[in-house]
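Contents: one structure, followed by commentary.
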Amino acid sequence: MIHPTADVSPAAIIGLNVRIWHQAQVREGAVIGDNCIVAKGAYIDKNVMMGDNCKIQNYSSLYHGVVLERGVFIGPHCVLTNDKHPRAITSDGSLKQETDWKEGKILVREGASLGARVVVLPGITIGRFAMVGAGSVVTKYVPDFGLVYGNPARLQGYVCKCGQKLDAGKNAGEACIQCSR
């Protein structure tokens, strides 16, 4: 279902059972897997790749160079950037064109979760089932099952697949008491 106020390029590839809410924008070349939700006001830039079962919450912006594996959660108002040295103009004062910058990539691995207002800088990989706390600024690699938060985000421990913080002595990804997996 695509809301009538959403702006979805005919050159985007949209999977089955995708819901794109009002005022969202999906640019040309974007690929959205099956069963995804793109919430109100979200911006999915050209050539962004999203696996199946992803949820992008209200007003988040994913810029070209972003790849989400399946089952990724992006909280409201997140920004996944793509330019390490942003400038409006070149050194000679002319307006920068698309060819004037080098695109930085971001990879968010399967099942990872980013809380509200997270900013991810280009060139970062966020590991499988990792959890990034709300308001964090991610400037470095996040390991699989890692729990990070802060500005800059720092490793604070590890989580289970269900997202619960693991007690001391548990290994990354091990079952927690909550889910016993």
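Return an integer: the convex hull volume of the alpha-carbon atoms of the chain, in Å³ per residue.
Per-residue hull volume (Cα only) is 110 Å³.
Per 0.36 nm of contour for each residue apart, how much would the distance between Gln178 and Arg70 grow if the chain were fully extended, relative to their Cα-Cα spacing? Kindly include the intermediate steps, with their values, before the conclusion.
Values: separation 108, 0.36 × 108 = 38.88 nm, distance 2.32 nm.
My answer for the length gained is 36.6 nm.
Can you compute the charge dipole magnitude of the stretch 1-71 about its Cα centre, using +1 on each Lys and Arg Cβ and -1 on each Asp and Glu Cβ, nothing else charged? Give it in debye, rounded to the nearest 20.
Numbers: 6 positive and 6 negative charges, 31 e Å.
For this selection, approximately 140 debye.
Can you give the relative contact order of the chain as a percent, counting alpha carbon pairs under 8 Å and 6+ residues apart?
Numbers: 559 pairs, mean separation 20.2, N = 181.
About 11 percent, as a whole number.
Please name whichever of Gly157, Gly41, Val8 sits farthest to the positive end of the charge dipole of the chain, dipole taken about the Cα centre and charges placed at Cβ: Lys and Arg +1, Asp and Glu -1.
Sorting the options by dipole projection puts first Gly157.
Do any of Lys140/Lys165; Lys55/Lys84; Lys46/Lys161; Lys40/Lys165; Lys102/Lys165 go past 28 Å between their Cα atoms, and which?
Numbers: Lys140/Lys165 20 Å; Lys55/Lys84 26 Å; Lys46/Lys161 30 Å; Lys40/Lys165 30 Å; Lys102/Lys165 37 Å.
Correct reply: Lys46/Lys161; Lys40/Lys165; Lys102/Lys165.
None of the figures in this text is laboratory data; all of them are computed from the coordinates on show. Given the structure is predicted, the values throughout are model-derived calculations rather than measurements. Neighbour counts run over all protein chains shown; Cβ positions are idealised from the backbone, glycine included.
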